[in-house]
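Engineer: Structure provided below as C-alpha coordinates; questions to follow.
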Amino acid sequence: MNVFSAPRGGLTGAALKGIAMAAMVLDHVGAALIEPVFLVPAEAPPAFWLAADTLLRGVGRVSFPLFCFLLAEGFAHTRSAARYLARLALFALVSEVPYDLAFSSGADASAQNVFFTLAAGMMTLMALKRFSGRALPMALSLAAGCALAQALRADYGAAGVVLIAALWLLREKRAAMLAAMAAIALWISRALFGAGALAALPAAMYGGARGTQRFKHAFHLFYPAHLLALWALRRALFGG
(Lines give C-alpha, C1' and ligand atoms only; values in the text may rest on other atoms or scores of the structure.)
Protein backbone atom coordinates (compact mmCIF):
# COMPACT_ATOMS: atom_id res chain seq x y z
CA MET A 1 0.00 0.00 0.00
CA ASN A 2 1.20 3.48 -0.82
CA VAL A 3 2.10 5.17 2.47
CA PHE A 4 0.65 8.44 1.23
CA SER A 5 -2.83 7.23 0.34
CA ALA A 6 -5.50 5.77 2.56
CA PRO A 7 -7.84 2.99 1.34
CA ARG A 8 -10.73 5.47 1.03
CA GLY A 9 -8.46 8.04 -0.54
CA GLY A 10 -6.72 10.80 1.31
CA LEU A 11 -3.76 10.75 3.65
CA THR A 12 -2.86 8.10 6.19
CA GLY A 13 -1.81 8.76 9.75
CA ALA A 14 1.75 7.87 8.74
CA ALA A 15 1.66 10.49 5.98
CA LEU A 16 0.40 13.16 8.37
CA LYS A 17 3.19 12.27 10.78
CA GLY A 18 5.71 12.62 7.94
CA ILE A 19 4.34 16.06 7.02
CA ALA A 20 4.43 17.15 10.66
CA MET A 21 8.00 15.95 11.15
CA ALA A 22 9.22 17.68 7.98
CA ALA A 23 7.55 20.94 9.04
CA MET A 24 9.05 20.59 12.52
CA VAL A 25 12.57 20.27 11.11
CA LEU A 26 12.12 23.43 9.01
CA ASP A 27 10.81 25.28 12.05
CA HIS A 28 13.76 24.20 14.16
CA VAL A 29 16.31 25.07 11.48
CA GLY A 30 15.03 28.61 11.82
CA ALA A 31 14.88 28.59 15.62
CA ALA A 32 18.14 26.74 16.32
CA LEU A 33 20.36 27.85 13.44
CA ILE A 34 19.23 31.01 11.68
CA GLU A 35 17.95 32.99 14.66
CA PRO A 36 20.86 32.53 17.11
CA VAL A 37 23.52 32.90 14.41
CA PHE A 38 22.19 35.55 12.03
CA LEU A 39 19.32 37.41 13.72
CA VAL A 40 19.70 37.71 17.49
CA PRO A 41 23.33 39.01 17.47
CA ALA A 42 22.62 41.59 14.73
CA GLU A 43 21.38 45.09 15.48
CA ALA A 44 19.85 45.18 12.01
CA PRO A 45 19.06 41.58 10.93
CA PRO A 46 19.92 40.90 7.26
CA ALA A 47 16.78 40.93 5.13
CA PHE A 48 17.58 37.58 3.50
CA TRP A 49 17.96 35.71 6.78
CA LEU A 50 14.95 37.45 8.28
CA ALA A 51 12.81 36.38 5.31
CA ALA A 52 14.23 32.86 5.39
CA ASP A 53 13.53 32.54 9.10
CA THR A 54 9.98 33.85 8.72
CA LEU A 55 9.29 31.36 5.93
CA LEU A 56 10.74 28.38 7.79
CA ARG A 57 9.04 29.25 11.09
CA GLY A 58 5.77 29.90 9.27
CA VAL A 59 5.81 26.53 7.51
CA GLY A 60 6.84 24.95 10.79
CA ARG A 61 3.69 26.20 12.55
CA VAL A 62 1.67 23.39 10.96
CA SER A 63 3.63 20.70 12.81
CA PHE A 64 2.24 21.10 16.33
CA PRO A 65 -1.47 21.08 15.35
CA LEU A 66 -0.86 17.95 13.30
CA PHE A 67 0.89 16.20 16.19
CA CYS A 68 -2.06 17.17 18.40
CA PHE A 69 -4.45 15.75 15.80
CA LEU A 70 -2.48 12.50 15.70
CA LEU A 71 -2.42 12.34 19.50
CA ALA A 72 -6.19 12.72 19.72
CA GLU A 73 -6.65 10.13 16.98
CA GLY A 74 -4.21 7.77 18.68
CA PHE A 75 -5.97 8.16 22.02
CA ALA A 76 -9.29 7.26 20.42
CA HIS A 77 -7.84 3.95 19.19
CA THR A 78 -5.12 3.00 21.69
CA ARG A 79 -5.40 -0.21 23.68
CA SER A 80 -3.60 1.32 26.65
CA ALA A 81 -3.70 5.04 27.32
CA ALA A 82 -1.47 4.47 30.35
CA ARG A 83 1.34 3.01 28.19
CA TYR A 84 0.86 5.81 25.68
CA LEU A 85 1.21 8.38 28.47
CA ALA A 86 4.27 6.60 29.86
CA ARG A 87 6.02 6.83 26.47
CA LEU A 88 5.27 10.53 26.22
CA ALA A 89 6.55 11.15 29.75
CA LEU A 90 9.70 9.12 29.10
CA PHE A 91 10.57 11.05 25.95
CA ALA A 92 9.72 14.34 27.63
CA LEU A 93 12.56 13.60 30.04
CA VAL A 94 14.89 12.19 27.37
CA SER A 95 14.33 15.19 25.10
CA GLU A 96 14.82 17.97 27.64
CA VAL A 97 18.63 18.17 27.44
CA PRO A 98 18.65 18.13 23.60
CA TYR A 99 15.88 20.77 23.67
CA ASP A 100 17.88 23.04 25.97
CA LEU A 101 21.05 22.58 23.94
CA ALA A 102 19.33 23.32 20.63
CA PHE A 103 17.49 26.43 21.75
CA SER A 104 19.40 27.74 24.76
CA SER A 105 22.90 26.18 24.39
CA GLY A 106 22.60 24.93 27.98
CA ALA A 107 20.25 24.19 30.87
CA ASP A 108 17.13 26.36 30.74
CA ALA A 109 14.20 25.91 33.11
CA SER A 110 12.15 28.67 31.47
CA ALA A 111 10.69 26.39 28.77
CA GLN A 112 10.14 22.66 28.40
CA ASN A 113 9.89 20.56 25.26
CA VAL A 114 6.69 19.67 23.42
CA PHE A 115 6.48 16.16 24.86
CA PHE A 116 5.51 17.74 28.19
CA THR A 117 2.61 19.44 26.40
CA LEU A 118 1.56 16.21 24.70
CA ALA A 119 1.76 14.34 28.00
CA ALA A 120 -0.38 16.98 29.73
CA GLY A 121 -2.81 16.72 26.83
CA MET A 122 -2.94 12.94 27.13
CA MET A 123 -3.65 13.16 30.86
CA THR A 124 -6.43 15.61 30.08
CA LEU A 125 -7.97 13.27 27.50
CA MET A 126 -7.88 10.38 29.97
CA ALA A 127 -9.76 12.51 32.51
CA LEU A 128 -12.24 13.80 29.93
CA LYS A 129 -13.04 10.25 28.87
CA ARG A 130 -13.43 9.13 32.48
CA PHE A 131 -15.89 11.95 33.22
CA SER A 132 -17.60 11.89 29.82
CA GLY A 133 -21.04 13.47 29.94
CA ARG A 134 -20.44 15.26 33.26
CA ALA A 135 -19.90 18.92 32.45
CA LEU A 136 -18.33 20.18 35.66
CA PRO A 137 -15.75 17.36 36.12
CA MET A 138 -14.84 17.67 32.43
CA ALA A 139 -14.37 21.43 32.73
CA LEU A 140 -12.25 20.98 35.84
CA SER A 141 -10.19 18.29 34.08
CA LEU A 142 -9.48 20.63 31.18
CA ALA A 143 -8.58 23.44 33.56
CA ALA A 144 -6.24 21.13 35.47
CA GLY A 145 -4.53 20.02 32.25
CA CYS A 146 -4.06 23.63 31.17
CA ALA A 147 -2.70 24.57 34.59
CA LEU A 148 -0.25 21.65 34.47
CA ALA A 149 1.07 22.70 31.05
CA GLN A 150 1.50 26.26 32.27
CA ALA A 151 3.19 25.19 35.51
CA LEU A 152 5.62 23.01 33.56
CA ARG A 153 6.26 25.90 31.14
CA ALA A 154 5.67 23.42 28.37
CA ASP A 155 5.85 24.41 24.72
CA TYR A 156 2.53 26.03 23.66
CA GLY A 157 1.29 25.78 27.27
CA ALA A 158 -2.43 25.80 28.02
CA ALA A 159 -3.33 26.58 24.40
CA GLY A 160 -1.77 23.28 23.35
CA VAL A 161 -3.87 21.34 25.84
CA VAL A 162 -7.03 23.16 24.71
CA LEU A 163 -6.24 22.21 21.10
CA ILE A 164 -5.73 18.55 21.98
CA ALA A 165 -8.96 18.45 24.00
CA ALA A 166 -10.96 20.16 21.24
CA LEU A 167 -9.70 17.73 18.60
CA TRP A 168 -10.77 14.75 20.69
CA LEU A 169 -14.10 16.14 21.89
CA LEU A 170 -15.12 17.11 18.35
CA ARG A 171 -13.70 14.01 16.63
CA GLU A 172 -17.14 12.81 15.47
CA LYS A 173 -18.07 16.22 14.05
CA ARG A 174 -15.46 16.59 11.33
CA ALA A 175 -16.34 20.08 10.11
CA ALA A 176 -16.48 21.49 13.64
CA MET A 177 -13.25 19.72 14.58
CA LEU A 178 -11.38 21.14 11.59
CA ALA A 179 -12.79 24.62 12.25
CA ALA A 180 -11.68 24.45 15.89
CA MET A 181 -8.27 23.18 14.82
CA ALA A 182 -7.82 26.07 12.40
CA ALA A 183 -9.09 28.68 14.87
CA ILE A 184 -6.92 27.57 17.81
CA ALA A 185 -3.87 27.06 15.59
CA LEU A 186 -4.47 30.51 14.09
CA TRP A 187 -4.37 32.04 17.56
CA ILE A 188 -1.31 30.04 18.63
CA SER A 189 0.65 31.10 15.54
CA ARG A 190 -0.66 34.66 15.35
CA ALA A 191 2.89 36.07 15.54
CA LEU A 192 3.61 34.29 12.24
CA PHE A 193 0.52 35.42 10.35
CA GLY A 194 -1.56 32.56 11.78
CA ALA A 195 0.21 30.07 9.54
CA GLY A 196 -0.61 27.20 11.89
CA ALA A 197 -4.20 27.28 10.67
CA LEU A 198 -2.98 25.67 7.44
CA ALA A 199 -2.57 22.43 9.40
CA ALA A 200 -6.32 21.94 8.98
CA LEU A 201 -5.77 21.29 5.25
CA PRO A 202 -3.76 18.04 5.53
CA ALA A 203 -5.94 17.04 8.51
CA ALA A 204 -9.01 17.44 6.28
CA MET A 205 -7.38 15.03 3.81
CA TYR A 206 -6.95 12.32 6.45
CA GLY A 207 -8.60 9.13 5.23
CA GLY A 208 -8.79 7.29 8.54
CA ALA A 209 -6.12 4.64 7.91
CA ARG A 210 -2.98 4.39 10.03
CA GLY A 211 -0.66 3.62 7.10
CA THR A 212 2.67 1.90 7.50
CA GLN A 213 3.67 1.03 11.06
CA ARG A 214 7.33 0.36 10.27
CA PHE A 215 8.17 3.75 11.75
CA LYS A 216 5.52 3.71 14.48
CA HIS A 217 7.67 5.49 17.07
CA ALA A 218 9.72 7.54 14.62
CA PHE A 219 8.69 10.87 16.13
CA HIS A 220 9.60 9.79 19.66
CA LEU A 221 13.13 8.92 18.59
CA PHE A 222 13.57 11.56 15.92
CA TYR A 223 12.63 14.50 18.13
CA PRO A 224 15.61 14.41 20.53
CA ALA A 225 17.94 13.12 17.79
CA HIS A 226 17.29 16.00 15.38
CA LEU A 227 17.65 18.56 18.18
CA LEU A 228 21.06 17.17 19.07
CA ALA A 229 22.00 17.19 15.38
CA LEU A 230 21.04 20.87 15.02
CA TRP A 231 23.01 21.80 18.15
CA ALA A 232 26.05 19.88 16.92
CA LEU A 233 25.79 21.46 13.47
CA ARG A 234 25.58 24.96 14.93
CA ARG A 235 28.63 24.35 17.09
CA ALA A 236 30.59 22.81 14.21
CA LEU A 237 29.81 25.61 11.75
CA PHE A 238 29.53 28.66 13.96
CA GLY A 239 30.96 27.68 17.32
CA GLY A 240 27.82 28.67 19.20
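Engineer: Please compute the length gained on full extension between Leu39 and Arg134, using 0.36 nm multiplied by the number of residues separating them and subtracting their Cα-Cα distance.
Structural biologist: 29.2 nm
Engineer: Which aspartates and glutamates does Lys173 reach when only Cα atoms under 19 Å apart count, and residues fewer than 8 places away in its own chain are ignored?
Structural biologist: Glu73
Engineer: Further, regarding this structure: Under DSSP H, which helices of the chain have Cα atoms covering 27 Å or more of the helix axis and a Kyte-Doolittle average no less than -1.0? Provide the component values of the computation, followed by the final result.
Structural biologist: Working: long enough: 81-104 (32 Å, 0.92); 218-238 (29 Å, 1.00).
Flagged H segments are 81-104, 218-238.
Engineer: Measuring from the lowest to the highest alpha carbon on each principal axis, how far does the stretch 143-211 reach, largest first, in angstroms?
Structural biologist: Projected onto the principal axes, the Cα atoms of the stretch 143-211 cover 36, 27, 23 Å.
Engineer: Along the Cα-to-C-beta direction of Leu201, a point sits 7 Å from the Cα; which residues of the stretch 173-187 have their amide N less than 20 Å from that point?
Structural biologist: 175-187
Engineer: For the stretch 41-160, what are the per-bin percents of Cα-Cα distances with bins 10 Å wide, up to the bin holding the maximum?
Structural biologist: 13, 34, 32, 14, 6, 1
Engineer: Could you work out the relative contact order of the chain, using alpha carbon pairs under 8 angstrom and six or more residues apart, expressed as a whole percent?
Structural biologist: It comes to 30 percent, rounded to a whole number.
Engineer: Continuing with this model, one more query. Suppose accessible area is computed on protein heavy atoms with a 1.4 Å probe; arrange Met126, Met21 from highest to lowest.
Structural biologist: The ranking, largest first, comes out as Met126, Met21.
Engineer: How much length would be gained if the chain were fully extended between Ala47 and Ala86, taking 0.36 nm per residue of separation minus their Cα-Cα distance, in nm to one decimal?
Structural biologist: Between Ala47 and Ala86, full extension yields an extra 9.6 nm.
Engineer: Charges at C-beta only: +1 for Lys and Arg, -1 for Asp and Glu. How large is the resulting dipole of the stretch 126-240 about its Cα centre, in Debye rounded to 20? Provide the component values of the computation, followed by the final result.
Structural biologist: Numbers: 13 positive and 2 negative charges, 54 e Å.
Roughly 260 debye for the stretch 126-240.
Engineer: Once Lys and Arg get +1 and Asp and Glu get -1 on their Cβ, which of His217, Tyr99, Gly74 lies farthest toward the positive end of the dipole of the chain?
Structural biologist: Comparing the listed Cα positions along the dipole, Gly74 ranks first.
Engineer: Further question on the same structure: Calculate the length of the line joining the C-alpha centroid of the stretch 129-190 to that of the stretch 41-112, in whole Å.
Structural biologist: Here the two parts' Cα centres lie 17 Å apart.
Engineer: What is the extension gain from Ala218 to Ala144, computed as 0.36 nm multiplied by their sequence separation minus the C-alpha to C-alpha distance, in nm to one decimal?
Structural biologist: My answer for the length gained is 23.7 nm.
The values are calculated or read from the model by the stated rules, or taken from the named source; none is laboratory data. Just so it is clear, the model here is predicted, and its values are computed rather than measured. All Cβ positions, glycine included, derive from the backbone under ideal geometry; neighbour counts span all protein chains shown. SASA here: full protein model, heavy atoms, side chains in, ligands and nucleic acids out. Shrake-Rupley method; radii C 1.70, N 1.55, O 1.52, S 1.80 Å.
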